[in-house]
Amino acid sequence: MKRTWDMRNDNFMKVFKYYKSNKPKPSLEAVISVDNTNFSNEVKIISQVVKDDLRAKSLGLEDVSKWEIFSSNNNPGFIIIKNPFTNLGQRYWMRKCLEEYPRKPHKRNIDIDKPVDDWWAECFKSGVCDRKLQKKLRWTTLGYHHNWDTKVYSEENKTAFPLELAELCDVVARTLGYSTFKAEAAIVNYYHMDSTLSAHTDHSEVNLEAPLFSFSFGQSAILLLGGHDKSVKPTAFLLSSGDIAVMSKEARLCYHAVPKILPASIHHWNNKDMTCSSNLGVEFKYIVEDDLIKEMNKNLNMEEWSKFNTYVEESRININVRQVLNENQNSLNDQSI
Ligand code: SIN
């Protein structure tokens, strides 16, 4: 018997529409802000599995021992690390997402309309910012490129995954006890103040046991997290700049969506405290520490930073990173595992 989806059961959609609405504006009272004590029944603090990682500072992160990590009581497996980034670290990652990641050979939504090699440079080609072109970029994919039509990854549709992002994910994953996690695919989403992302699950990866790491920068967002079908009423979480959301275990295959972007209440990336210290000589897995520090420090210069600042003052950037392959699998063609 063919079953049709009864819209009346779509509790996810009802909540999505509620938060998306501008008239009337939704109440934000139930949106969980993990570090607000009003929500201490909804979340609990969990501790780091690995308490120290000397790579953290050079990657723009605070000491791992200082991170505040929350898990959701209603959504097991859903974790939020409350902004573990330094202020300068936020600038570094925002800039990567704007200047480098949308460059070829990475894939972008603009490839059909406007196949420019270097989107960011093209936006400033005439000397003034081409705001129309700037607004056109909605996503960039890295590593194994997400195929939006078939939702199937392939070896033919793959480019090198950025090493600094792989290193960042390695630090975050190890801190949470996922020592074998390997970053192999990412989608960078670019949101404007009126953007939304509809309900979906991320299930294209061969490996559905590995967690998904989702980094937020710039303006804030409401993230809805539901269950394995859309009848489950989702919980609303506030994601602010620097927060890392982790979908692991039972939460890995749950429906989620972004119904609203909200103005950020704190602009960490413009906070006066821009110190950058590092532990020169630390062993990294994928990158050279010196290069990373040089790039990080470029963003201390206000003249260099200001173009990126203008963008993030009215946008949100989300990087979500997945492991595609099973452990010990070298490619999608390797079926022996
Ligand atoms: C996604 O699920 O693809 C993005 C979620 C977010 O923007 O926080």
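Which fully enclosed helices (runs of 4 or more DSSP H) of the stretch 108-216 have 1 or more residues being closer than 24 Å to K82 by Cα and in contact with a helix residue (DSSP H, G or I) (Cβ under 7 Å, 6 or more places away or on another chain)?
Answer list for the stretch 108-216: 163-175.
Just to verify a result, which residue in the stretch 209-221, among those that are open to solvent by less than 10 Å² (accessible area, probe 1.4 Å) and near the ligand (Cβ under 9 Å from one of its atoms), is farthest from S248 (Cα to Cα)?
A221
From the list L224, L239, pick out the single residue that is touching a helix residue (DSSP H, G or I) at 6+ places or on another chain (Cβ under 7 Å), at pLDDT 95 or above and within 11 Å of the ligand (Cβ to nearest atom).
L224
Of all residues in the stretch 284-318, which are basic (K, R) and more than 10 Å from Y92 (Cα to Cα)?
K285, K294, K307, R316, listed by residue number.
Which residues, taken from the stretch 190-208, are out of contact with any Leu (no Cβ under 7 Å at 6 or more places or on another chain), modelled with pLDDT of 95 or more and either within 10 Å of the ligand (Cβ to nearest atom) or open to solvent by 20 Å² or more (accessible area, probe 1.4 Å) (or both)?
If the condition is that a residue be out of contact with any Leu (no Cβ under 7 Å at 6 or more places or on another chain), modelled with pLDDT of 95 or more and either within 10 Å of the ligand (Cβ to nearest atom) or open to solvent by 20 Å² or more (accessible area, probe 1.4 Å) (or both), then Y191, M193, D194, S195, T196, L197, S198, A199, H200 are the ones that fit.
Does the stretch 304-312 include one or more residues that are under 27 Å from S198 (Cα atoms), within 16 Å of the ligand (Cβ to nearest atom) and open to solvent by 40 Å² or more (accessible area, probe 1.4 Å)?
No - not one qualifying residue is present in the stretch 304-312.
Looking at (1) in contact with an Asp or Glu (Cβ under 8 Å, 6 or more places away or on another chain); (2) on the phi > 0 side of the Ramachandran plot; (3) open to solvent by less than 10 Å² (accessible area, probe 1.4 Å), which one does I80 not meet, given that it meets all the others?
The one condition I80 does not meet is (2).
Any residue at all in the stretch 90-101 that is part of a loop (DSSP other than H, G, I, E, B) and out of contact with any Pro (no Cβ under 6 Å at 6 or more places or on another chain)?
So far as the stretch 90-101 goes, yes, one or more of its residues are part of a loop (DSSP other than H, G, I, E, B) and out of contact with any Pro (no Cβ under 6 Å at 6 or more places or on another chain).
Within the stretch 253-279, track down each residue that is away from the ligand (no atom under 12 Å from the Cβ), of a type outside the set (S, T, N, Q) and surrounded by 13 or more Cβ atoms within 10 Å (Cβ to Cβ).
Answer for the stretch 253-279, where residues must be away from the ligand (no atom under 12 Å from the Cβ), of a type outside the set (S, T, N, Q) and surrounded by 13 or more Cβ atoms within 10 Å (Cβ to Cβ): L253, L262, A264, H267, H268, W269, M274, C276.
Give the residue that is surrounded by the most Cβ atoms within 10 Å (Cβ to Cβ), with candidates limited to residues of the stretch 61-77 that are part of a loop (DSSP other than H, G, I, E, B) and not hydrophobic (A, V, I, L, M, F, W, C).
This residue is N75.
Out of curiosity, is S58 within 30 Å of K285 (Cα to Cα), open to solvent by less than 50 Å² (accessible area, probe 1.4 Å), polar (S, T, N, Q) and within 20 Å of the chain's Cα centre (by Cα)?
Judged against the criteria, S58 is a match.
Suppose the filter is under 30 Å from S154 (Cα atoms) and open to solvent by 60 Å² or more (accessible area, probe 1.4 Å); does Q329 pass it?
Judged against the criteria, Q329 is not a match.
Could you please let me know if M296 is modelled with pLDDT under 95 and open to solvent by less than 10 Å² (accessible area, probe 1.4 Å)?
yes
Here is a check on your reading of the model: is N301 more than 16 Å from the ligand (Cβ to nearest atom) and more than 23 Å from A185 (Cβ to Cβ)?
The answer is yes for N301.
The values are calculated or read from the model by the stated rules, or taken from the named source; none is laboratory data. Here the structure is a predicted model, which is why all the values come from computation and not from measurement. Because the Cβ atoms are built from the backbone with ideal geometry, glycine has one as well, and the counts that use them run over all protein chains shown. Protein only, heavy atoms only, side chains kept; ligands, DNA and RNA dropped before computing areas. Shrake-Rupley method; radii C 1.70, N 1.55, O 1.52, S 1.80 Å.
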